[in-house]
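Remarks on the structure that follows.
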Amino acid sequence: MMWKAIKFFLVLSLLTPVGPVQADVAPDPLYKGMTPARRESLVQMVSQDVVIRLGSDWCRVEADFLLHNRSLRPAAMEVGFPTGYEDEVKELLVRRNGITVKTRNAAEREILDPDKDPATYHWTLWDMRFAPDEKSSLKVTYRVKPRKNHDYIITPYRQFLDRIEKEAGTKRPVEVQRVIDGMISYSTGYIMVTGAGWHDVIEKASVTLRHPRGAGAIRWLDPPGHFFSTPEGIQWRFEYIKPDFDVSVEFSDIWTLEEEMGLVKQAIAVSDKNQGLNNHIHYLELIKKGLAAGAGDSGSNTRNAEPP
């Protein structure tokens, strides 16, 4: 229930997209945006294990996949990895069964509005062949630049920043200014829906976020359930999914939740008009409780068709 409360708390906010993100490998990808083409292949993505090391300059990603050709016939396909709208992904390396795979880059353009320029999607592509009943491991590593949330960007975490600044005025207490200066955050994510193009379901999937400050760096995340807090950060776990959702996160590189809550309380104590600060501390308390709940509001690690 805690994360549902947080989502309700954000209804009045003007939220922006998460920015450059990384994604599951997709079979025969050049079709329509982030939606992979579907061919009559029986190659299944049996499992995936993704680790994202968060940082303000770069996020480093390691993604391990197990693919299985469930057919008694050989299979061949083009496989792709989306690399962002502005080539934000760098140093992408693909290994199959420990051997580096030769890749190529391609761009797909989709006309969404005849009066506007086409949307452009960048992909890293490679070819894969499977013998009958063959299992194959795939490892993709790269780094991606997270989006820095500037003053003009309203996010779940920063939704009360403008009100805090206006209520503080020009001659604001140093405690309030410290809070304002520290409300810098970064956003990134992981596209899960591109993994839906494989045969059957993904039997096991995990996405792990790691940060030197652990879960205390998290300021917002989605989906709000099916995750576990760890000493290093957050881990989502899913079973038997055909993903129609993505993973998003907003994080701070300055303070832990506890440190920021202490500073906000100090600012409230020296402020006359403090509704913005009160709203902000309430939000931070909801995040803290949600992270402490571990598995969110579901208590389950099995994901069905719809996100919470």
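Restricting to the stretch 125-142, and then to whatever is over 9 Å from ALA75 (Cβ atoms) and aromatic (Phe, Trp, Tyr), can you tell me which residue is surrounded by the fewest Cβ atoms within 10 Å (Cβ to Cβ)? It would help to see each step written out before you state the result.
Initially, the stretch 125-142 is screened for residues over 9 Å from ALA75 (Cβ atoms), giving 125-127, 133, 135-142.
Going one step further and asking which of them are aromatic (Phe, Trp, Tyr), we end up with 126, 142.
On the way: TRP126: 16, TYR142: 21.
Checking each candidate, the answer is TRP126.
Answer yes if at least one residue in the stretch 244-255 is under 27 Å from the mean Cα position of the chain (by Cα), assigned to a helix (DSSP H, G or I) and not β-branched (Val, Ile, Thr), and no otherwise.
Checked against the condition, which is being under 27 Å from the mean Cα position of the chain (by Cα), assigned to a helix (DSSP H, G or I) and not β-branched (Val, Ile, Thr), the stretch 244-255 yields no hits at all.
With the structure loaded, tell me whether VAL144 is of a type in the set (A, V, I, L, M), farther than 14 Å from ALA267 by Cα and touching a Cys at 6+ places or on another chain (Cβ under 9 Å) or whether it fails that test. Show your work before the answer.
Details: of a type in the set (A, V, I, L, M): yes; farther than 14 Å from ALA267 by Cα: yes; touching a Cys at 6+ places or on another chain (Cβ under 9 Å): yes.
In short, yes.
Let's see how each residue does on (1) under 20 Å from the mean Cα position of the chain (by Cα); (2) of a type in the set (S, T, N, Q); (3) at pLDDT 95 or above; (4) surrounded by 18 or more Cβ atoms within 10 Å (Cβ to Cβ):
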| position | (1), (2), (3), (4) |
| --- | --- |
| LYS7 | yes, no, no, no |
| PRO17 | yes, no, no, no |
| THR35 | yes, yes, no, no |
| SER47 | yes, yes, yes, no |
| ALA63 | yes, no, yes, yes |
| LEU67 | no, no, yes, yes |
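Within the stretch 69-84, how many residues turn out to be in a loop (DSSP other than H, G, I, E, B), at pLDDT 80 or above and either over 16 Å from TRP198 (Cα atoms) or in contact with a Leu (Cβ under 9 Å, 6 or more places away or on another chain) (or both)?
Adding up the residues that qualify gives 4.
Pairs needed: first member in the stretch 118-147, closer than 14 Å to LYS102 by Cβ; second member anywhere, of a type in the set (Lys, Arg) and part of a loop (DSSP other than H, G, I, E, B); C-beta distance under 7 Å; at least 6 residues apart or different chains.
Here the result reads TRP126/LYS102, each pair linking the stretch 118-147 to a residue that is of a type in the set (Lys, Arg) and part of a loop (DSSP other than H, G, I, E, B).
In this structure, does ILE191 turn out to be out of contact with any His (no Cβ under 6 Å at 6 or more places or on another chain) and surrounded by 23 or more Cβ atoms within 10 Å (Cβ to Cβ)?
On the way: out of contact with any His (no Cβ under 6 Å at 6 or more places or on another chain): yes; surrounded by 23 or more Cβ atoms within 10 Å (Cβ to Cβ): no.
So ILE191 fails the test.
Kindly indicate whether any position in the stretch 186-196 is in a loop (DSSP other than H, G, I, E, B) and within 29 Å of ILE234 (Cα to Cα).
yes
Taking TYR240 and the conditions (1) under 17 Å from the mean Cα position of the chain (by Cα); (2) at positive phi, which numbered condition does it fall short on, given that it satisfies the others?
Failed condition: (1).
Mind listing whichever residues of the stretch 208-218 are outside any helix (DSSP H, G or I) and surrounded by 24 or more Cβ atoms within 10 Å (Cβ to Cβ)?
LEU209, ILE218
If you check TYR240 against the conditions, is it outside any strand (DSSP E or B), aromatic (Phe, Trp, Tyr) and surrounded by fewer than 18 Cβ atoms within 10 Å (Cβ to Cβ)? Can you show your working first?
Details: outside any strand (DSSP E or B): no; aromatic (Phe, Trp, Tyr): yes; surrounded by fewer than 18 Cβ atoms within 10 Å (Cβ to Cβ): yes.
Taking the combined requirement at face value, the residue does not satisfy it.
Tell me, yes or no, whether the stretch 139-161 has at least one residue that is farther than 28 Å from MET261 by Cα and assigned to a loop (DSSP other than H, G, I, E, B).
No, the stretch 139-161 contains no residue that is farther than 28 Å from MET261 by Cα and assigned to a loop (DSSP other than H, G, I, E, B).
Under 6 Å between Cβ atoms, which residue pairs at least 6 apart in sequence (or on different chains) link something in the stretch 206-227 that is farther than 24 Å from SER47 by Cβ with a partner that is surrounded by fewer than 20 Cβ atoms within 10 Å (Cβ to Cβ) and at pLDDT 95 or above?
That search, which allows pairs on different chains as well, returns ARG213/THR256; GLY216/THR256.
In the stretch 106-117, what count of residues is obtained for those that are assigned to a strand (DSSP E or B) and either without any contact (Cβ under 8 Å) to a residue 24 or more places away in the chain or among the hydrophobic types (A, V, I, L, M, F, W, C) (or both)?
Residues of the stretch 106-117 that are assigned to a strand (DSSP E or B), as a first pass: 106-110.
Still in the running and either without any contact (Cβ under 8 Å) to a residue 24 or more places away in the chain or among the hydrophobic types (A, V, I, L, M, F, W, C) (or both): 106-107, 109.
Final tally of qualifying residues: 3.
List the number of the failed condition for PHE228; all other conditions in (1) under 14 Å from the mean Cα position of the chain (by Cα); (2) of a type in the set (A, V, I, L, M, F, W, C); (3) surrounded by fewer than 24 Cβ atoms within 10 Å (Cβ to Cβ); (4) assigned to a strand (DSSP E or B) hold.
(1)
May I ask you to list the residues in the stretch 58-104 that are under 11 Å from LYS139 (Cβ atoms) and of a type in the set (Asp, Glu)?
Matches in the stretch 58-104: GLU62, ASP64.
Kindly provide the set of residues from the stretch 258-281 that are of a type outside the set (A, V, I, L, M, F, W, C) and part of a helix (DSSP H, G or I), ordered by number.
The answer is GLU258, GLU259, GLU260, GLY262, LYS265, GLN266, GLN275, GLY276, ASN278, ASN279, HIS280.
The values are calculated or read from the model by the stated rules, or taken from the named source; none is laboratory data. All values derive from a computational prediction rather than experimental measurement. Reconstructed Cβ throughout: ideal geometry from the backbone, glycine too, with neighbour counts over all protein chains shown.
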